[in-house]
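Notes follow the structure.
Read the figures in this text as sums done on the coordinates, not as results from a lab. Since we're looking at a predicted model, the values are computed, not measured. Cβ coordinates were reconstructed from backbone atoms using ideal geometry, including for glycine residues, and neighbour counts include every protein chain displayed.
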Amino acid sequence: MSDIVDVHLLNETVKTKQLNKMYKISKEFHFSAAHKLEGLPADHPCSNLHGHNYIVIVELEASELNEVGFVTDYRKLSPIKEFIDKYLDHQNLNDALDFNPTVENIAKFLFKTFEKTFPQMVTITVKETPGIAVTYSPMFDAHPDKIG
């Protein structure tokens with residue numbers, strides 16, 4: 001079986017590498033923080049300081065389980081919780097982060113912060129409200145020039 005597959009994106013078909021992963025696990029982390037978004041019109045509600053109860057969902061994948069039968073022990077993800085608690089929880093994100101704290105930027109920041117520590121991590125989703133979520137994953141980059 002080829003490890004290159006066609007992925008249909010809108011009106012375009014691109015080739016990408018198929019990942020033969022069989023297990024996906026996730027863990028949620030929660031934090032509350034305030035922010036205001038820069039670059040918006042003054043009358044936009046998000047240009048004012050406001051807060052959210054964020055949910056961060058980290059997903060890891062593996063094609064095989066370890067000797068215990070885990071993708072990974074969930075307790076090994078505690079550095080993520082410790083980081084969130086120390087640097088994000090009950091903070092003004094405009095002061096805590098050196099970028100415009102959109103949910104998109106927060107998702108990418110968290111992924112980049114932990115991608116070397118957790119090489120099985122495939123996505124980070126950040127929920128700003130129950131109805132708004134952003135998922136960041138480098139796997140979303142399925143541009144044909146990336147396939148060798």
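Near K127: Cβ cut-off under 13 Å, other residues only, Lys/Arg at +1 and Asp/Glu at -1. The net charge is -3.
For the range 17-100, the set of GluC sites (Glu not before Pro) satisfying both a DSSP loop assignment and a count of at most 14 other C-beta atoms within 10 Å is given as E38, E64, E67. In nm, to one decimal, how far is the modelled label at F83 from the one at S137, with both set 7 Å along Cα→Cβ? Modelled inter-label distance: 1.9 nm.
Rounded to the nearest whole Hz, the Karplus-based 3J(HN,Hα) values (6.51 cos²θ - 1.76 cosθ + 1.60, θ = phi - 60°) of the range 123-132 follow the sequence 8, 10, 10, 10, 9, 8, 9, x, x, 10, with x at glycine and proline. Length available on full extension from D98 to K24: 0.36 nm per residue minus the Cα-Cα distance, which gives 23.5 nm.
Based on the alpha-carbon gyration tensor of the range 46-148 and its eigenvalue square roots a ≥ b ≥ c, which shape applies: rounded if a/c is under 1.5, prolate if not and a/b is larger than b/c, or oblate? Please list the in-between numbers first.
On the way: a/c = 2.22, a/b = 1.40, b/c = 1.58.
Oblate is the answer for the range 46-148, as a/c is 1.5 or above yet b/c matches or exceeds a/b.
Counting only Cβ charges, +1 for Lys and Arg and -1 for Asp and Glu, the dipole size of the range 50-148 around its Cα centre is about 80 debye.
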